[in-house]
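Written below as structure tokens is the structure these notes are about.
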There are 4 protein chains.
Amino acid sequence: MKDGLRRRPLPCTMEKRFQQKEERMLIEFSIVPIGSGSSIGDKLAEVLKIVDESGLPYKINPMGTVVEGEWDELFSLVKKCHETLVKKEERVLTTITVDDRKGKPNRLEEKVKSVEKRLGKQLKK
Amino acid sequence: MKDGLRRRPLPCTMEKRFQQKEERMLIEFSIVPIGSGSSIGDKLAEVLKIVDESGLPYKINPMGTVVEGEWDELFSLVKKCHETLVKKEERVLTTITVDDRKGKPNRLEEKVKSVEKRLGKQLKK
Amino acid sequence: MKDGLRRRPLPCTMEKRFQQKEERMLIEFSIVPIGSGSSIGDKLAEVLKIVDESGLPYKINPMGTVVEGEWDELFSLVKKCHETLVKKEERVLTTITVDDRKGKPNRLEEKVKSVEKRLGKQLKK
Amino acid sequence: MKDGLRRRPLPCTMEKRFQQKEERMLIEFSIVPIGSGSSIGDKLAEVLKIVDESGLPYKINPMGTVVEGEWDELFSLVKKCHETLVKKEERVLTTITVDDRKGKPNRLEEKVKSVEKRLGKQLKK
């Protein structure tokens with residue numbers, strides 16, 4: 001057999017990336033400090049800075065942040081955000097919803113597009 | 001006193017609108033049919049058609065829909081969406097989060113903007 | 001056919017009750033005042049008094065209250081609880097999850113029992 | 001001062017345990033397989049077996065399971081439960097709410113008791 005390429009294994013990083021794609025899921029999370037006033041914008045800004053710097057694909061909305069990734073990287077991000085607020089707050093309420101669907105990559109973009117395609121119209125985002 | 005305008009009451013509709021503004025809140029909701037396959041896009045499209053036609057301000061994201069309004073109009077919208085799916089499905093799971101903050105109108109737009117202003121940068125939406 | 005009884009319609013109230021049973025669902029809800037201190041026990045007590053006096057079957061747990069009933073009676077209960085807190089608080093966060101499954105009455109008791117039966121052991125409640 | 005005991009440091013394991021107590025929080029979680037029928041009792045039984053065998057203090061209710069512990073032990077439990085279902089299901093929806101309050105141990109029991117004390121009556125559990 002001449003085709004040496006096929007027999008050569010994929011470089012580690014590529015294999016890892018491929019595997020990651022298969023295991024990626026969506027989460028939406030929100031973190032609310034309780035007991036330090038009704039204006040929590042400064043604290044949310046701190047949390048969103050951490051999300052933005054994580055490098056994971058995300059989208060924020062008025063009620064939470066949706067992030068795409070593997071379980072471990074997603075939950076270490078949420079833990080980091082949660083602990084940042086817990087240091088300064090008496091009480092913190094964190095809510096996480098995981099939507100884990102096999103074999104569906106890039107759902108951060110595709111989920112909404114797929115609904116728009118069915119409806120034949122653009123929705124407000 | 002010459003200023004007759006001040007003593008004249010506001011027209012009914014304006015008073016109503018002003019009052020509504022004070023009582024408006026944000027909800028995020030999601031509706032998931034359980035037990036009829038993992039591809040639920042057609043059913044979500046039906047739900048989002050109802051939301052889009054309701055006339056209420058909304059934004060969809062990959063994990064749910066955020067709508068702004070008064071309690072009664074928001075919950076009759078969610079009820080209508082829920083019942084549309086219940087008619088055809090064995091089991092439906094609906095989740096609603098209400099964020100009700102006094103004296104803060106137009107939070108559908110302002111909540112995210114306020115965080116971006118604090119961070120001094122645009123976030124992904 | 002002699003059996004006049006069968007042809008006679010059910011009295012209105014009985015028909016209504018039968019129909020209600022079919023339409024009953026479970027909700028879990030929690031209401032959190034934000035911005036008035038981390039100790040919210042007094043406010044939760046007020047909310048749970050309303051639930052207890054509603055007459056609807058319920059069970060409280062450390063994270064929320066599960067109630068069984070029809071959509072309208074459940075959501076007017078949640079609205080009453082929410083509005084009681086909104087009167088005194090700057091900001092209130094209310095979360096509701098609806099589990100609506102056809103033809104399954106008395107799920108407040110039966111859901112946990114059914115899992116215990118499958119496991120063949122009692123779980124902690 | 002004669003009391004040498006007081007000056008002697010605590011053994012490592014006891015210090016660790018004490019510290020853990022301070023860092024304990026409550027979570028409620030629920031895991032729903034989507035797309036494999038409306039009767040999901042067998043799958044829930046599998047998940048609750050894992051919770052029961054984890055050794056962590058927990059309480060189940062008709063809508064979820066409340067567990068008390070530290071972040072890492074709680075989230076490795078939830079991950080284990082989630083992955084058990086993901087292996088066999090096309091799509092899994094997992095919801096987690098974290099209530100993290102400083103310096104309040106044994107909240108699995110105390111949260112409900114504290115509300116009952118304020119109300120001066122027992123509530124349904």
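The residues C:Leu56, A:Leu48, when put in order of fewest to most other Cβ atoms within 10 Å, stand as C:Leu56, A:Leu48. Taking the label point 7 Å along Cα→Cβ, B:Ser38 and its counterparts in the other copies are spaced 2.2, 4.1, 4.4 nm apart, in ascending order. More than 17 angstrom separation, counting every C-alpha pair in the range A:20-102; what % is that? I get 43 percent for the Cα pairs in the range A:20-102 exceeding 17 Å. Between this copy and the others, label points of A:Pro105 are 4.7, 4.9, 5.2 nm apart in ascending order, each placed 7 angstrom from Cα in the Cβ direction. Chain C residue nearest the axis that carries C onto A, by Cβ, with distance in whole Å, is C:Ile34, 3. Computed from the Cβ-Cβ distance with R0 of 30 Å, the FRET efficiency linking A:Asp72 to C:Ser38 stands at 0.50. Return the subset of B:Lys102/C:Lys111; A:Lys49/A:Lys111; A:Lys59/D:Lys124; A:Lys87/D:Lys111; B:Lys104/D:Lys102; C:Lys79/D:Lys59 for which the Cα-Cα distance in this structure is over 32 Å, preserving the input order. In this structure, B:Lys102/C:Lys111; A:Lys59/D:Lys124 lie more than 32 Å apart at Cα. Going 7 Å from the Cα of B:Lys125 along its beta-carbon direction, which residues of the range B:45-60 have the amide nitrogen within less than 16 Å of the resulting point? Counting backbone N atoms under 16 Å from the label point, the list is B:57-60. Here's the picture: a label point sits 7 Å out from the Cα of D:Lys102 along the beta-carbon direction, and within the range C:29-50 the residues with their amide nitrogen under 17 Å of it are C:35-40.
Taken together, the values in this text are just the output of simple stated rules run on the coordinates, not laboratory data. In this text the structure is predicted, and so the values were computed from the model without any measurement. Cβ: placed from backbone, ideal geometry, glycine included. Neighbour counts: every protein chain shown.
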